[in-house]
Amino acid sequence: MRTNTQHLSARTSADVRNLGILAHVDAGKTTVTERILFLTGATHKRGEVHDGTTVTDFDTQERDRGITIFAAAVSCAWDGHRINLIDTPGHVDFADEVERSLRVLDGAVAVFDAVAGVEPQSESVWRQADRYDVPRIAFINKLDRAGADLDTAVASIRERLHTAPLVVQLPIGREDEFTGVVDLLRMRALVWHAGRDTYEVVPIPEALREQAHRRRHVLEETVAELHAAAMEEYCTASALSTPALAAALRDLTLSGEGVVVLCGSAYRNRGIEPLLEAVVSYLPSPADVPAVRGTLGGTVQERAADPAAPFAGLAFKVNATATGRLTYIRVYSGTITKGETVMDAGTGRTERIGRILRVQADRHAELDRATAGDIVAVVGLKTARAGTTLCSPAAPLVLEPPTVAASVVSMA
Ligand code: GDP
């Protein structure tokens with residue numbers, strides 16, 4: 001298992017993933033989040049949703065109601081990458097909060113229930129993510145449940161979300177006997193053993209070999225249809241090489257023309273490691289996303305994810321905690337340092353950054369600085385509200401809301 005808790009500071013913003021988990025209530029968002037935190041070593045206790053000990057739901061009201069009300073950003077490390085997990089409320093009543101979270105994400109995992117498939121609320125969250133151009137991969141969860149069926153869930157993605165499913169795994173065993181997946185990209189099998197969190201790589205079981213080859217062929221055909229360079233290779237070689245397929249899957253994820261589909265059972269910790277591998281492989285880093293735009297006095301400026309540029313960030317969540325008033329900030333450009341003065345672009349007032357914290361599940365790490373692309377919590381800001389732009393007083397600007405895709409607006 002590749003955990004890397006000692007090095008929560010990624011080398012560059014290319015190694016950061018600002019990730020959201022999107023789901024219909026009950027699809028398993030909390031359990032998937034828990035398993036990610038467990039596998040990456042951010043928490044060593046295995047929280048269970050049903051006994052109220054989960055790590056991300058640290059508000060009592062939230063625990064009582066069993067739904068995620070207050071978003072929290074939690075950092076963990078995976079294979080040399082820092083993953084900032086931004087919690088997004090799954091309940092439609094918190095639409096403003098969902099939209100603010102979507103604004104600071106660079107990519108997301110959409111979790112579906114393998115029995116229910118796409119549910120009405122998953123459709124609305126999916127459409128909101130479309131509005132913010134958030135690249136997504138899909139995780140079909142609860143494959144261990146009676147009645148779970150990957151193909152039916154995949155069909156519901158195609159029909160109800162109007163996107164091309166790019167299925168990269170084939171389950172091994174059904175329901176209670178779900179024990180692993182065939183990885184159709186590398187044509188190998190990953191098998192979990194009872195009581196072990198990590199998988200063992202084995203050859204594809206004989207009984208599944210023919211089906212695996214057929215499904216790999218379907219995957220290649222679908223990708224070639226959607227991707228010009230892949231089509232070229234496919235026409236000449238009548239098959240796609242694994243690197244060409246992987247590159248095309250990433251391009252299709254970033255353009256939103258297709259969605260990579262993985263499957264598993266978060267409950268039994270099956271499929272979470274390959275999911276993290278897919279997050280790192282297919283979802284963008286802050287360096288891969290377009291520069292944000294800001295205005296002041298009618299002048300439009302672009303701010304790229306450059307640590308040397310003037311600071312601009314968005315406060316997207318404010319939480320009263322025992323540590324103090326925590327303001328969660330996405331740093332879009334520049335660097336903030338402890339003790340520095342920043343400007344609230346809405347009011348023009350300046351405030352001092354007291355402490356900079358990296359929130360890691362149930363504890364905080366104190367940082368001297370935070371750079372472009374990162375998400376941190378700041379203590380000491382008294383007035384900044386969720387949705388406020390914070391910036392360098394020497395280069396003030398108000399971040400523009402991202403452009404909402406016109407085609408999606410007309411559908412709404
Ligand atoms: P959320 O509302 O999306 O955050 O969903 P939760 O993570 O709270 O999960 C809802 C319920 O489904 C809980 O009782 C979980 O224990 C259960 N659950 C989550 N993942 C799985 C899974 O892979 N298999 C099964 N059988 N149950 C699961």
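The values are calculated or read from the model by the stated rules, or taken from the named source; none is laboratory data. Only a predicted model underlies this, so the values are computations on that prediction, with no experimental measurement involved. A quick note on method: Cβ atoms are made from the backbone with ideal geometry, for glycine too, and the neighbour counts reach across all protein chains shown. Note: accessible area is taken over every heavy atom of the protein model, side chains too, but ligands, DNA and RNA are not part of it. Shrake-Rupley method; radii C 1.70, N 1.55, O 1.52, S 1.80 Å.
If you take the alpha carbon radius of gyration of region 307-364 and divide it by 2.2 N^0.38 Å, what ratio comes out, to two decimals?
1.16
From the residues Ile204, Ala194, Leu226, which one has its Cα farthest along the dipole of region 158-227 in the positive direction, the dipole being from +1 and -1 charges on Cβ of Lys/Arg and Asp/Glu about the Cα centre?
Positive-most Cα among the choices belongs to Leu226.
Please quote Rg/Rh for region 100-235 to two decimal places, taking the Kirkwood radius as Rh and restricting both calculations to Cα atoms.
Using only Cα positions, Rg/Rh for region 100-235 is 0.99.
Largest first, what is the accessible-area ranking of His162, His24 with a 1.4 Å probe? Each step should come with its number before you reach the end.
Values: His162 150, His24 40 Å².
Of His162, His24, the descending order of accessible area is His162, His24.
Take Asp176, Asp130 and sort them by solvent-accessible surface of the protein heavy atoms, 1.4 Å probe, largest at the top.
These residues rank, largest area first, as Asp176, Asp130.
Which whole-number value in Å² is the accessible area per residue of the chain, probe 1.4 Å? Spell out each step's value before the answer.
On the way: 17070 Å² over 412 residues.
Each residue of the chain exposes 41 Å² on average to a 1.4 Å probe.
Quote the relative contact order of the chain in percent (integer), defining contacts as alpha-carbon pairs under 8 Å separated by 6+ residues.
Answer for the chain is 16 percent.
What part of the accessible area of the chain, given as a whole %, is carbon or sulfur when the probe is 1.4 angstrom?
Ligands and nucleic acids excluded, carbon and sulfur reach 50 percent.
Under a point-charge model restricted to the Cβ atoms of Lys and Arg (+1) and Asp and Glu (-1), what is the dipole moment magnitude of the chain relative to its Cα centre, in debye to the nearest 20?
Values: 44 positive and 53 negative charges, 234 e Å.
It works out to roughly 1120 debye.
Using the Cα centre of region 288-360 as origin and beta-carbon charges of +1 (Lys, Arg) and -1 (Asp, Glu), tell me which of Ala291, Leu326, Ala312 is placed farthest towards the positive end of the dipole.
Toward the positive end, the furthest listed residue is Leu326.
Using only the alpha-carbon atoms, how far is helix 95-104 inclined from the longest principal axis of the chain? Give it as 0 to 90 degrees, nearest 10.
Its long axis makes an angle of about 90 degrees.
For Asp79 and Ala304 in one chain, what is 0.36 nm times their gap in residues minus the Cα-Cα distance, to one decimal in nm?
Values: separation 225, 0.36 × 225 = 81.00 nm, distance 2.54 nm.
Stretched fully, the Asp79-Ala304 segment lengthens by 78.5 nm.
Go through Thr337, Thr40 and list them by solvent-accessible area, largest first, probe radius 1.4 Å.
Greatest to least solvent exposure: Thr337, Thr40.
Taking the Cα atoms only, what angle lies between the long axis of helix 206-226 and the longest principal axis of the chain, rounded to 10 degrees?
The angle comes out at about 50 degrees.
Could you give the size of the charge dipole of region 89-248 about its Cα centre, using +1 on the Cβ of each K and R and -1 on the Cβ of each D and E, expressed in debye and rounded to the nearest 20?
Here region 89-248 has a charge dipole of around 240 debye.
How much of the DSSP beta bridge set in the chain is antiparallel, as a percent to the nearest 5? Mind dumping the intermediate values first?
Numbers: 61 of 86 bridges.
Just about 70 percent of them are antiparallel.
First select every other residue whose beta carbon is under 10 angstrom from the beta carbon of Ala315; then total the charges, Lys and Arg +1, Asp and Glu -1.
For residues surrounding Ala315, the net value is +3.
Relative to the longest principal axis of the chain, what angle (0 to 90°, nearest 10) does the C-alpha long axis of helix 150-161 take?
Compared with the principal axis, the helix lies near 50 degrees.
Run lengths n ≥ 4 of DSSP H only: what is the helix-derived mean residue ellipticity at 222 nm for the chain, with -39500 (n - 2.57) per run over all residues, to the nearest 500?
So the calculated ellipticity at 222 nm is -8500 deg cm²/dmol.
Would you mind giving the average projected area, over all directions, of the Cα convex hull of the chain in nm² with one decimal? Walk me through the numbers on the way to the answer.
Numbers: hull surface 80.4 nm².
Answer in nm², one decimal: 20.1.
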